[in-house]
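Encoded as structure tokens, the structure appears first; notes follow it.
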Amino acid sequence: MRNLTVDMVFLKQTLDYFAPHKTRINLLGGEPGLIINLKEVIDLIQTYENLIVNVLSNSLVRRRYPWILTDPTIFYTEHLVLDFHEDSIEKLGNYDFLPKNDFNNYNLIIKTPNYFKYRRKHKLNHTDHKNTILKDYNSRSPDYAVVHQAPELQRRICAAFPLVPVIDFEIQMIRHCSKKVINGSRKFEITKENIDDMMTYKLFEFEQYCNTCTESISPRSDEQVLDIMEAGNV
Ligand code: SF4
């Protein structure tokens with residue numbers, strides 16, 4: 001939420017722990033466009049053979065660091081829509097959606113109720129291509145009265161390795177679940193042992209907040225589900 005200079009000593013130590021594991025490092029926030037030394041951060045991640053960098057931005061990155069969009073080795077995911085209305089789209093940046101491209105630049109669109117209302121009245125064909133990711137909306141918005149829960153087995157698999165476990169740079173700890181960061185995800189020290197356990201599905205457990213979770217759970221590959229179950233956390 002504010003300009004941040006990433007502590008490069010802390011970053012390098014953390015990346016060294018991740019180095020043996022094939023990992024996508026997703027820079028998200030807040031807003032990574034606010035990181036003052038973002039180029040230094042990305043340059044360092046790119047020195048690791050096993051690590052791929054993804055930047056998730058509200059479009060500020062397009063304005064401040066446009067070179068990111070021209071490097072196909074960097075995945076760039078833009079989530080610039082605040083919401084759809086019946087006749088308009090509320091955006092954070094003054095940009096149109098990203099066109100179809102081979103630069104690994106992606107639109108991220110949440111399928112809110114208003115998304116469907118807008119689509120019924122207006123054309124959105126220019127977003128219907130391989131570089132648009134449509135995501136189910138979830139319970140985090142106060143406007144969405146979602147009560148649907150994924151089956152418990154799916155939540156248990158998610159809990160063993162949520163889609164986005166977080167390395168929190170402010171408190172320099174691992175947070176179990178990005179969806180629970182605001183309301184208190186369980187936290188762990190950043191050590192080599194914990195990172196190894198996390199990446200082999202042995203660190204995280206089914207927490208109290210997973211019992212009541214109403215997030216939409218992304219499907220996993222059969223192979224990953226088997227790995228998670230074999231690791232014994234489900
Ligand atoms: S709270 Fe929900 S999204 Fe988070 S780890 Fe638990 S089941 Fe997964």
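Computed values, structure above
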read-out: Enumerated helices (runs of 4 or more DSSP H) restricted to the stretch 189-234, each holding at least 1 residues that are surrounded by fewer than 16 Cβ atoms within 10 Å (Cβ to Cβ) and within 13 Å of the ligand (Cβ to nearest atom); value: 208-211
read-out: All positions within the stretch 202-234 that are in contact (Cβ under 8 Å) with a residue 24 or more places away in the chain and of a type in the set (D, E, K, R); value: 202, 205, 207, 215, 220, 227
read-out: Some residue of the stretch 112-132 being at pLDDT below 95 and touching a Leu at 6+ places or on another chain (Cβ under 6 Å); value: no
read-out: Residues within the stretch 170-188 that are surrounded by 13 or more Cβ atoms within 10 Å (Cβ to Cβ) and either in the same structural domain as residue 5 (by TED's automatic domain parsing) or aliphatic (A, V, I, L, M) (or both), tallied; value: 3
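The values are calculated or read from the model by the stated rules, or taken from the named source; none is laboratory data. Note that the structure is predicted; figures quoted are calculated from it, not measured. Note that each Cβ is placed from the backbone with ideal geometry, even for glycine, and that neighbours are counted across all protein chains shown.
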